[in-house]
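Worksheet for the structure shown next.
The values are calculated or read from the model by the stated rules, or taken from the named source; none is laboratory data. Computed from a prediction, not measured in an experiment: that's the story for all the values here. Note that each Cβ is placed from the backbone with ideal geometry, even for glycine, and that neighbours are counted across all protein chains shown. We work out accessible area using only protein heavy atoms, side chains counted, and drop any ligands, DNA or RNA first. Shrake-Rupley method; radii C 1.70, N 1.55, O 1.52, S 1.80 Å.
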Amino acid sequence: MDPPPAELYIGLMSGTSQDAIDGVLAEFSPNGQPRIRATHSAALTDDLRHQLDSLQRPGEGDLDLALQLHHDLGQRFADCALRLLDTAGVPAQAVRAIGCHGQTIRHNPDGPAPHSLQIGNCALIAARTGIPTVADFRSADIAAGGQGAPLAPAFHQAAFGTAGRRRAVLNLGGMANVSLLGADTSGWDVGPGNVLLDAWAVRHLGQPYDAEGRFAALGTADRQLLAALLAHPFIARPPPKSTGREDFNLRWLDTVLAGFANLHPADVQATLAEFTAAGVARALDGRGEVEELLVCGGGARNTDLLGRLARRLTPLRVATTAAAGVDPQWVEALAFAWLARQRIHETALDLSRITGARRPVILGCVYLPGRPGA
Ligand SMILES: Nc1ncnc2c1ncn2[C@@H]1O[C@H](COP(=O)(O)OP(=O)(O)OP(=O)(O)O)[C@@H](O)[C@H]1O
Ligand SMILES: [Mg+2]
């Protein structure tokens, strides 16, 4: 009998940093091991970023603007998927499904109306590509009592889990989330990743991010400011927990900084980098069995931040997921290709130790493209 064939999936991710749509075309072996066949990153414009910012302030936000961006992002996601097919020379019919995370505009799983809302019209993606498109990965988890986030730890276990050495994975996106791999994989958001570093770089450098952490490296972290930042109630909250721009944003930072008017901007940036590193160190504290931390996400390029992490976590070995064969930039997009595969195979995921969901759930809704010519 012929072995079951490998399957192709596309993963599309646009995270809390609102920097770009990252896309991968990946081949999964029958046992679920991924191999990346093509990648593409499409930067979001400043204009789009500002419009998304305005949608994310609770109590504000314009429904007409949300619908316009739902459409515009749907087109951009579709463009990214079509570009991947083109680059790889793969016909649309060869791809089982697209997993599209969408762009989060609200995440509040703990409120009186628990929700996590992503926009980006996936019916449009299915129609333009002719490929079934899986979307809305978080709602079923929230309906089962979970946080709806983070979802990537289940993929981190599938891709990076080892029988021997105890590994943890750290995704440094806008927010930071850790996964402790093993038979009992757990994972949670630990606090901000790059979001505050980015906001401060925009204000003081006129740049979207602090490249390689060079601005932070010029400053000296301030212990009192660090303590004030770490006093945010999210940091000490026990998991399961998830966070977003609702908790960590420039307005909150400005309220904390009101007591530190004399600090040089580079000292503030250094302290923000320490804040991210300290949040991760606290999350791993008391979990002495972890021997190796693999970092992914755009923050893996921040040399200064990786150095701070390594210093705080000694003797734990800090590397990027490149050491395990996956470029850190594509891990989260690959996670959504993997999650689409789980949905198409109707595999329920037990995320009870990750999101706190009370039962295994099948994540995502499928938009079917319809028969060609129908
Ligand atoms: N060369 C670099 N030096 C420093 N930081 C970088 C560099 N390149 C990217 N980054 C950081 O990575 C961020 C983007 O990372 P990424 O795309 O993983 O996050 P995200 O979009 O929030 O995704 P997710 O929500 O899935 O974690 C940028 O906003 C920036 O802060
Ligand atoms: Mg991104």
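Okay, here's what the table says:
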{"item": "P(r), alpha carbons of the stretch 152-328 - 10 Å bins starting at zero, rounded %", "result": "10, 41, 35, 13, 2, 0"}
{"item": "Cα-based convex hull, the chain, per residue volume (Å³, whole number)", "result": "145"}
{"item": "Gaussian network model of the chain, springs between alpha carbon atoms under 10 Å - residue of T314, T355, T133 with greatest fluctuation", "result": "T314"}
{"item": "Residue of R203, R37, R245 that the Gaussian network model of the chain assigns the largest fluctuation, springs spanning Cα pairs under 10 Å", "result": "R203"}
{"item": "Expected-Rg normalisation [2.2 N^0.38 Å, Cα atoms] applied to the stretch 36-166", "result": "1.20"}
{"item": "The chain - percent relative contact order, Cα under 8 Å, separation 6 or more", "result": "22"}
{"item": "Residues of the stretch 216-237 with amide N under 19 Å of a point placed 7 Å along Cα→Cβ from R282", "result": "221-237"}
{"item": "Per residue solvent-accessible surface (Å²) - the stretch 1-160, probe of 1.4 Å", "result": "41"}
{"item": "For the stretch 1-73 and the stretch 149-186, distance of Cα centres in Å", "result": "20"}
{"item": "Carbon + sulfur, % of accessible area of the chain - ligands and nucleic acids excluded, 1.4 Å", "result": "51"}
{"item": "In order through the stretch 162-172: 3J(HN,Hα) via Karplus (6.51 cos²θ - 1.76 cosθ + 1.60), integer Hz, x for Gly, Pro", "result": "10, 6, x, 3, 7, 10, 10, 10, 10, 9, 9"}
{"item": "The stretch 81-109 and the stretch 231-282: distance between their alpha carbon centers, rounded to Å", "result": "33"}
{"item": "Kyte-Doolittle mean at least -1.0, axial Cα span of 24 Å or more - DSSP H helices of the chain", "result": "63-88, 265-284"}
{"item": "Residues of the stretch 235-297: accessible area per residue with a 1.4 Å probe, Å²", "result": "40"}
{"item": "Residues whose placed amide H lies under 5 Å from that of R37, excluding near-sequence neighbours", "result": "L25, A26, E27"}
{"item": "Sequence-distant residues sharing a close amide H with T320 (under 5 Å, placed H)", "result": "V295"}
